[in-house]
Each structure stands twice: as structure tokens, then as C-alpha cells.
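No value in this document is a laboratory result; all are computed from the given coordinates. Note that the structure is predicted; figures quoted are calculated from it, not measured. Here the Cβ is made from the backbone with ideal geometry for all residues, glycine too, and neighbour counts use every protein chain on show.
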Amino acid sequence: MLIFRSILLWLAFLLVLLQFFWDYNSNIFLGIFYRFLPTIVLFIWFGISIVFKINIKINDENLPKIALKLLKFVRPLSNFTIITGAIFKYLHLPFGNIILAFGLLCLAIYFTLLSVYGHIVEDKPNDIIDNQDL
């Protein structure tokens with residue numbers, strides 16, 4: 001499921017990047033669909049993230065130091081750039097699309113590293129009866 005979520009993020013990033021280089025205006029309905037396609041992909045990613053909530057633990061012994069530093073740096077950077085890009089787009093300031101695309105790139109890199117170096121942890125509730133030796 002982690003790989004599918006990272007593929008969805010890369011797809012959304014590539015679709016946003018495609019909008020910078022190719023403007024589709026020949027058909028109004030296809031143009032609207034073309035503009036909303038990255039948003040639809042991100043809504044699918046968000047829905048999957050909510051429905052299939054999993055706990056992930058990162059293997060520190062197999063993880064290179066550069067990847068660990070990148071994981072710790074890229075997540076806050078992606079959050080900051082996505083929020084900043086959304087504010088720029090809401091206020092109709094320039095470079096909002098570029099900031100959002102960079103935020104999607106950072107988030108895609110983060111989830112790719114997480115899917116490569118992370119593993120799923122079983123979520124067992126702590127029960128007091130299970131901790132006692134009888």
C-alpha cells in the first residue's frame with residue numbers, strides 16, 4: 001500500500017508538471033478535466049491514507065545516514081511548501097503553482113523513502129492481562 005501511495009504522489013507531481021508545459025484549451029470540458037486531474041489523484045491518495053491507516057517503523061540499522069537526514073528534512077519542508085503554495089494560490093500571488101509542485105515533489109520523495117526503508121508494525125493494544133505471567 002505504501003508503494004501505491006508513493007506512485008499516486010509521483011503521478012500527481014508529473015501531472016502538475018505537465019500543466020506547466022502543455023496548456024490544453026481546445027475543448028472546455030477536457031480542459032477542466034485536465035486541470036482537475038492532479039486534484040482527483042490527490043483526493044484518491046488522501047482517501048486511501050485515511051481509510052488504510054498503518055503504523056510504519058523505520059529500520060535504523062539498514063538506513064544510510066543521508067537517507068535518515070533526508071527523511072527528517074523533507075517532511076517539514078514538504079508541509080511548509082504545500083501550505084505556502086496553497087496560500088499563494090488562494091491570494092492569487094505569483095509562483096503558487098511552482099511552490100505547490102515543489103511541495104508535491106518533496107512529499108513524493110518522502111513517501112518513496114518511507115516505502116523503501118520503512119516496514120509496517122502490527123498495532124496491538126496493550127492489555128493488562130497479556131502482560132502478566134500466570
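Report the relative contact order of the chain, percent, no decimals, based on alpha-carbon pairs under 8 angstrom and at least 6 residues apart. Value for the chain: 35 percent. Counting only chymotrypsin sites (Phe, Trp or Tyr not before Pro) that DSSP places in a loop and that have at most 15 other Cβ atoms within 10 Å, the longest clean stretch of the chain runs over 53-94.
Highest mobility in the GNM of the chain, judged by mean-square fluctuation with C-alpha springs under 10 Å and restricted to 79, 62, 97, is found for 62. Per-residue ellipticity at 222 nm computed for the chain from its helices equals -24000 deg cm²/dmol, with DSSP H segments shorter than 4 residues left out and the rest contributing -39,500 (n - 2.57).
What label, among (i) -0.41, -1.06, -1.28; (ii) -0.44, -1.07, -1.35; (iii) -0.34, -0.94, -1.25, belongs to log10 I(q)/I(0) by the Debye sum over Cα atoms at q = 0.10, 0.18, 0.22 Å⁻¹ computed from the structure on display? Computed from these coordinates, log10 I(q)/I(0) by the Debye sum over Cα atoms at q = 0.10, 0.18, 0.22 Å⁻¹ corresponds to label (ii). Taking the chain as a Gaussian network of alpha-carbon nodes connected by springs under 10 Å, the highest mean-square fluctuation of the residues 91, 100, 71 belongs to 91.
Once the other residues with Cβ under 14 Å from the Cβ of residue 58 are scored (Lys, Arg +1; Asp, Glu -1), what is the net sum? That works out to +3. Does the stretch 27-73 classify as rounded, prolate or oblate by the C-alpha gyration tensor (a ≥ b ≥ c root eigenvalues; a/c under 1.5 gives rounded; else a/b over b/c gives prolate, otherwise oblate)? Oblate shape, in that a/c is at least 1.5 and b/c is the bigger or equal ratio.
Arrange the following residues from fewest to most other Cβ atoms within 10 Å of their Cβ: 51, 116.
Fewest-to-most Cβ neighbours within 10 Å comes out as 51, 116.
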